[in-house]
Amino acid sequence: MKRLNSQLQDDGAPMELILLIRTLLAGCKEIAFRVSQGALAGVLGSTLSENVQGETQKKLDVISNQILKDILKDSGYVKAISSEEEDDVVPCNPDGKYLVSFDPLDGSSNTDINSLIGTIFSISHAPQWMKPDDPSAFLQPGTQSVAAGYVLYGPSAMLAMTTGRGTHIYTLDKTHGGFLLTKANVQVPEQTAEFAINTSNQRHWEEPIQNYVADLIAGEDGPREKDYNMRWVAAMVGDIHRVLTRGGIFLYPFDKRNPNKPGKLRLLYEANPMAFLMEQAGGLASTGTGRIMEVMPTEIHQRVPVLLGSKEEVKACLSYY
Ligand code: AHG
Ligand code: MN
Ligand code: MN
Ligand code: MN
């Protein structure tokens, strides 16, 4: 089976980017190990602190963030980091060539029930003019990313990654600690009969999503003329992995509760990397009003509505706007 390194080389990734990705993944392997120890290592449960998002941090949020921060800072390849669990940009090496944004642990509410969780990341070039503590260099659209991916800590640890030459899926071989290519050039099926949305928020959705989901639920008797099935992992990594694997549409739409927080998911380290992976696999990723990857961020923890997955289904959803 092909190793990650040779796939990255075949995709034309520069050596320094390959080394950075390998460093980042070394951190993810450590997270995978800590996660697998669970209650035996006392890593489950919450801390007493809150992050900038106003969420109570789980112990694993803090541990995963620290692992990735330490390994990336030590590497020398990175000029600065932005993370869900860091209020501000974290300055690293002033000569580093790359910026890394990450969600160290996605699906925090799943930690204590031994369910799916993961790490999501995105990498872009660090401009030379940038001071390492300057957040403005992170405020570039997703189209500027040079790589993005996630590691899923599931029954097996899997990596989905793109450097702009297709989306590839790898499985961690724990016998030698390497990621092996298990599915090259993923293609998301264009049609689907499966959707993912947290329906407990229905009353807060805007009109187009209300109408669209109502038509999906109406099934064969409704205008879509087929029965749909619903799935919700409560970790974006898990839901997106399913969509990449067998198709579907994933929605975290605009939420009328708070106009300053249009949706729940964060642009830099959740929406953009997943949009990049999805587009490279032939799917679509939209906010409802435009392409996610073209959104110009105004702050590092900005939230956006997310509609992504199978091409024809996303188009059908957008037709309600
Ligand atoms: P995080 O655990 O990194 O804060 O992200 C959680 C996100 C995302 O993974 C998931 O899709 C969504 O929250 C689940 O939201 P609900 O609580 O509405 O199910
Ligand atoms: Mn969180
Ligand atoms: Mn998340
Ligand atoms: Mn998280």
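Which residue pairs have Cβ atoms under 8 Å apart, sit 6 or more places apart or on different chains, and have a first residue in region 96-119 that is in a loop (DSSP other than H, G, I, E, B) and a second that is more than 12 Å from ligand 3 (Cβ to nearest atom) and of a type in the set (D, E, K, R)?
These pairs meet every condition: G96/K79; K97/E16; K97/K79.
Yes or no: R22 surrounded by fewer than 18 Cβ atoms within 10 Å (Cβ to Cβ), within 19 Å of the chain's Cα centre (by Cα) and either of a type in the set (K, R) or outside the structural domain of V151 (by TED's automatic domain parsing) (or both)?
Values: surrounded by fewer than 18 Cβ atoms within 10 Å (Cβ to Cβ): yes; within 19 Å of the chain's Cα centre (by Cα): yes; either of a type in the set (K, R) or outside the structural domain of V151 (by TED's automatic domain parsing) (or both): yes.
For R22, the condition - surrounded by fewer than 18 Cβ atoms within 10 Å (Cβ to Cβ), within 19 Å of the chain's Cα centre (by Cα) and either of a type in the set (K, R) or outside the structural domain of V151 (by TED's automatic domain parsing) (or both) - is met.
Here's a check for you: in region 211-253, which residue that is buried (at least 18 other Cβ atoms within 10 Å of the Cβ), more than 16 Å from ligand 3 (Cβ to nearest atom) and of a type in the set (A, V, I, L, M) is nearest to the chain's Cα centre (by Cα)?
Among those that are buried (at least 18 other Cβ atoms within 10 Å of the Cβ), more than 16 Å from ligand 3 (Cβ to nearest atom) and of a type in the set (A, V, I, L, M), it is L244.
Which ones in region 76-92 are hydrophobic (A, V, I, L, M, F, W, C) and either surrounded by 24 or more Cβ atoms within 10 Å (Cβ to Cβ) or in contact with a Lys or Arg (Cβ under 9 Å, 6 or more places away or on another chain) (or both)?
If we filter region 76-92 for residues that are hydrophobic (A, V, I, L, M, F, W, C), which is where we start, we get 78, 80-81, 89-90, 92.
Once the filter is applied, which keeps residues that are hydrophobic (A, V, I, L, M, F, W, C) and either surrounded by 24 or more Cβ atoms within 10 Å (Cβ to Cβ) or in contact with a Lys or Arg (Cβ under 9 Å, 6 or more places away or on another chain) (or both), region 76-92 yields V78, A80, I81, V90, C92.
Name the single residue that is modelled with the highest pLDDT among those in region 176-217 being touching a Pro at 6+ places or on another chain (Cβ under 9 Å) and in a loop (DSSP other than H, G, I, E, B).
Restricting to residues being touching a Pro at 6+ places or on another chain (Cβ under 9 Å) and in a loop (DSSP other than H, G, I, E, B), the top hit is I197.
Does region 80-91 contain at least one residue that is among the hydroxyl-bearing types (S, T, Y), within 20 Å of the chain's Cα centre (by Cα) and within 16 Å of L139 (Cβ to Cβ)? Give the derivation first.
From region 80-91, those among the hydroxyl-bearing types (S, T, Y) are 82-83; that's our starting set.
Okay, now just the ones that are also within 20 Å of the chain's Cα centre (by Cα), so 82-83.
Filter once more, keeping what is within 16 Å of L139 (Cβ to Cβ): 82-83.
Yes, the conditions are met somewhere in region 80-91.
Which residues, taken from region 77-95, are in contact (Cβ under 8 Å) with a residue 40 or more places away in the chain, within 12 Å of ligand 4 (Cβ to nearest atom) and not in a strand (DSSP E or B)?
E84
Taking the conditions exactly as written (part of a loop (DSSP other than H, G, I, E, B) and either at pLDDT 95 or above or assigned by TED's automatic domain parsing to the domain that holds A147 (or both)), does E299 satisfy them or not?
On the way: part of a loop (DSSP other than H, G, I, E, B): yes; either at pLDDT 95 or above or assigned by TED's automatic domain parsing to the domain that holds A147 (or both): yes.
Yes, satisfied.
Please give the helices (runs of 4 or more DSSP H) falling wholly within region 1-75 in which 3 or more residues are within 29 Å of Q302 (Cβ to Cβ) and away from ligand 1 (no atom under 16 Å from the Cβ).
On the way: elements: 4-10, 15-37, 59-75.
Those helices (runs of 4 or more DSSP H) span 15-37, 59-75.
The values are calculated or read from the model by the stated rules, or taken from the named source; none is laboratory data. Here the structure is a predicted model, which is why all the values come from computation and not from measurement. Please note: Cβ atoms are built from the backbone with ideal geometry, for glycine as well, and neighbour counts cover all protein chains shown.
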